[in-house]
Amino acid sequence: MSTGYKSFHESSIKDPKGFWAEQAKLVDWHKPFDQVFDYSNPPFAKWFIGGQTNLCHNAVDRHLKDRAQQIALVAVSTETEQERTYTFEELHAEVNRMAAILQAHGVVKGDRVLIYMPMIAQACFAMLACARIGAIHSVVFGGFASHSLASRIDDAKPKMIITAEAGMRGGKAVPYKPLLDEAITLASYKPEKVLIVNRGLSDYSTVANRDIDYASEREKHLNSKVPVEWVDATHPSYILYTSGTTGKPKGVQRDTGGYAVALASSMRLIFGGNPGETMFTTSDIGWVVGHSYIIYGPLINGMATIMYEGTPLRPDAGIWWSLVEKYKVSVMFSAPTAVRVLKKQDPAFLSKHNLSTLRTLFLAGEPLDEPTASWIHDALKKPVVDNYWQTETGWPILAIQRGVEVMPHKFGSPGVPVYGYNMKLLDEATGAELGPDKKGVVAIEGPLPPGCMQTVWGDDQRFTKTYWETVPGKQVYSTFDWAIKDKDGYFFILGRTDDVINVAGHRLGTREIEESISSHANVAEVAVVGVEDQLKGQVAIAFVIAKDPTKLANMEAEVMKTVDSQLGAVARPARVYLVSALPKTRSGKIVRRALQAVAEGRDPGDISTMEDQSVLAQIKQVIGK
Ligand code: AMP
């Protein structure tokens with residue numbers, strides 16, 4: 001490993017105080033911090049204690065001095081054929097209006113606001129308005145349906161929910177408001193107000209004294225100015241739910257000061273974006289990439305950001321590249337699945353655009369396979385930078401940090417530990433640190449660097465127990481990913497150690513899908529596993545035992561419909577197999593590993609612990625392998 005990166009990383013681990021105090025200069029502080037970090041109560045790390053700041057101020061207000069007329073936000077919808085830009089001054093005005101609406105309806109610092117919205121500019125205003133007044137937002141991905149929403153409402157207890165009546169995908173309106181109404185009926189907790197952005201895409205009904213219309217509220221607050229609420233660096237900025245091993249999603253709680261610093265520094269040192277340039281991140285605000293690198297990261301860095309509603313293929317497969325050309329994008333961030341989708345199209349869609357402003361393409365969220373990486377690299381002739389991280393960390397854990405040192409890339413590896421992360425590759429059984437080329441669990445020694453999750457919302461014990469107590473004999477953070485590390489310190493990610501699967505870069509818990517399927521009246525037992533898929537990386541496959549085998553007509557479609565209506569199409573299994581038995585150990589545990597192997601056409605390996613070994617043969621027959 002060469003010295004530039006090596007000494008930089010070492011200094012971040014050996015002298016975190018000095019290192020992060022330096023990085024903290026990248027953001028504005030209303031009140032300077034007295035202490036860089038406090039790790040007196042592990043695993044809970046506090047960053048920039050005593051300091052006061054505000055994410056909205058750093059993303060918007062502080063740029064008014066130098067770049068008021070510069071574009072801050074480009075909202076493009078190829079679904080509604082609308083395209084609008086907002087300068088920093090205009091964004092500031094819209095965020096003030098939204099903040100005034102929140103305040104007028106009683107939202108104050110510390111209140112939660114749930115945001116269930118498509119990729120429209122108002123979603124950005126809503127997030128920034130919450131940050132402005134110290135309210136804690138919780139964005140729920142629009143692809144989630146009523147049950148997923150209800151469990152998040154019950155956990156976050158939002159005073160207000162902000163939504164739109166509909167999104168649009170592939171030219172069809174996708175209703176949001178009716179799903180939200182259903183979720184509120186299902187939830188035990190009831191929000192006081194629901195603010196609706198009416199896009200005129202679909203009809204919806206309203207609830208008196210609860211539902212309010214954004215356009216008319218905005219009119220009332222056109223000239224409102226809402227002062228920034230200075231909050232402690234440790235004040236929670238948002239909750240973002242993510243799936244894990246149990247059916248109940250975890251609320252990842254993020255702070256304010258540490259997050260601002262981590263993002264500001266990553267924008268320079270990892271993503272190489274300069275103020276005044278444009279970043280285009282093709283994710284959704286419902287995911288962590290959307291929080292960090294559609295909204296907060298680029299704006300904090302004084303860049304314009306593009307919010308895109310639509311598919312990468314409409315009106316044609318050149319749409320993203322035409323936006324790169326039009327808005328002079330210098331930094332682009334996408335996911336391997338999106339590239340695999342584009343790879344099937346005529347390369348002329350890419351080559352006909354002038355991409356001279358584009359410096360680097362970043363890809364994250366799922367393993368980057370060599371054919372995909374090579375194809376996009378050859379087509380763009382620009383560096384393609386894989387980066388590995390999680391909802392929990394909020395910013396990259398592994399990457400080639402080109403702003404520190406342009407180290408060589410190795411296919412199949414997202415790179416080396418990012419500064420601030422004290423990474424260990426540990427033996428799962430003993431907790432011992434592993435040498436080169438040995439498979440182990442990717443772990444991070446505390447304190448987690450700034451920007452990472454503070455705790456599980458409302459459940460400190462779950463934070464400790466889930467993440468910090470899985471490696472024997474050591475209190476370290478587990479990523480739940482397998483990897484090997486080569487002699488040069490590059491990590492190669494090999495997949496999850498738990499029941500989480502990764503579909504097109506979206507994390508899904510198989511247990512959550514199983515719970516949903518179990519609610520179908522004719523389901524006796526179910527097992528869901530993730531299997532390899534050429535396009536999406538992985539897809540979910542369900543194996544179902546029916547209670548009444550005489551009533552199987554339409555059963556597969558019904559099971560899929562159950563998941564669609566409860567969790568959302570994003571969690572729908574690609575295939576449902578009706579079977580008469582599931583492979584189990586003698587103690588009755590379903591052997592998912594064997595199911596997965598069989599579904600992928602692999603040898604299931606050692607099945608000696610299985611109670612009835614003929615079950616797998618039956619399953620092979622059902623799936624035709
Ligand atoms: P999420 O929290 O939904 O972003 O999912 C995080 C998980 O996605 C990680 O724990 C990994 O399993 C996987 N992941 C994210 N980025 C990468 C990457 N660059 N390479 C391989 N796996 C990745």
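The values are calculated or read from the model by the stated rules, or taken from the named source; none is laboratory data. Just so it is clear, the model here is predicted, and its values are computed rather than measured. No Cβ is skipped: glycine too gets one built from the backbone with ideal geometry, and neighbour counts run over all protein chains shown. We work out accessible area using only protein heavy atoms, side chains counted, and drop any ligands, DNA or RNA first. Shrake-Rupley method; radii C 1.70, N 1.55, O 1.52, S 1.80 Å.
Things worth noting here:
- Test: residue in the range 466-476 that is modelled with pLDDT of 95 or more, part of a helix (DSSP H, G or I) and within 13 Å of the ligand (Cβ to nearest atom): yes
- Residue within the range 183-191 that is at pLDDT 95 or above and either polar (S, T, N, Q) or at positive phi (or both) present: yes
- Test result for Ser2, modelled with pLDDT of 95 or more and closer than 30 Å to Met407 by Cα: no
- Leading residue by the ranking (farthest from the ligand (Cβ to nearest atom)) among those in the range 352-371 that are open to solvent by 90 Å² or more (accessible area, probe 1.4 Å) and more than 20 Å from Val324 (Cβ to Cβ): Glu370
- Of all residues in the range 123-135, those being touching a strand residue (DSSP E or B) at 6+ places or on another chain (Cβ under 8 Å) and either surrounded by 24 or more Cβ atoms within 10 Å (Cβ to Cβ) or acidic (Asp, Glu) (or both) number 7.
- Condition met for Val341 (farther than 23 Å from Ala260 by Cα, touching a residue at least 60 places away in the same chain (Cβ under 8 Å), more than 16 Å from the ligand (Cβ to nearest atom) and crowded, with 17+ Cβ neighbours inside 10 Å): yes
- Residue in the range 325-333 that is within 16 Å of the ligand (Cβ to nearest atom), open to solvent by 10 Å² or more (accessible area, probe 1.4 Å) and in the same structural domain as Met453 (by TED's automatic domain parsing) present: no
- All conditions in (1) within 21 Å of Arg402 (Cα to Cα); (2) part of a loop (DSSP other than H, G, I, E, B); (3) modelled with pLDDT of 95 or more; (4) within 16 Å of the ligand (Cβ to nearest atom) hold for Ser283, with the sole exception of (1).
- Within the set Arg67, Arg97, Arg112, the sole residue that is modelled with pLDDT of 95 or more and in contact with a His (Cβ under 6 Å, 6 or more places away or on another chain) turns out to be Arg97.
- Among the residues of the range 602-620, those that are loosely packed, with under 13 Cβ neighbours inside 10 Å and closer than 19 Å to Gly530 by Cα comprise Asp603, Gly605.
- Screening Gly273 against (1) modelled with pLDDT of 95 or more; (2) open to solvent by less than 10 Å² (accessible area, probe 1.4 Å); (3) within 16 Å of the ligand (Cβ to nearest atom) leaves a single unmet condition, (3).
- Counted residues, the range 132-153 - those being outside any loop (DSSP other than H, G, I, E, B), at pLDDT 95 or above and not polar (S, T, N, Q): 9
- Residue in the range 447-461 that is within 14 Å of the ligand (Cβ to nearest atom), in contact (Cβ under 8 Å) with a residue 60 or more places away in the chain and among the acidic types (Asp, Glu) present: no
- Under the condition of being under 21 Å from Gln253 (Cα atoms), touching a residue at least 40 places away in the same chain (Cβ under 8 Å) and among the hydrophobic types (A, V, I, L, M, F, W, C), the residues counted in the range 127-167 number 15.
- Residue in the range 559-577 that is nearest to the chain's Cα centre (by Cα), counting only those that are free of Cβ contacts under 8 Å to residues at least 60 places away in the same chain and surrounded by fewer than 16 Cβ atoms within 10 Å (Cβ to Cβ): Ala574
- Take the conditions (1) within 9 Å of the ligand (Cβ to nearest atom); (2) surrounded by 20 or more Cβ atoms within 10 Å (Cβ to Cβ); Gly509 misses just one of them, which is (1).
- Residues (under 30 Å from His30 (Cβ atoms), among the hydrophobic types (A, V, I, L, M, F, W, C) and more than 16 Å from the ligand (Cβ to nearest atom)) located in the range 213-264: Leu222, Val226, Val228, Trp230, Val231, Ala233, Ala260, Val261, Ala264
- Hits in the range 375-427 (condition: within 11 Å of the ligand (Cβ to nearest atom) and not in a loop (DSSP other than H, G, I, E, B)): Val385, Asp386, Asn387, Tyr388, Leu398, Ala399, Gly415
- Filter pass, Met407 being closer than 25 Å to Ser7 by Cβ and not aromatic (Phe, Trp, Tyr): yes
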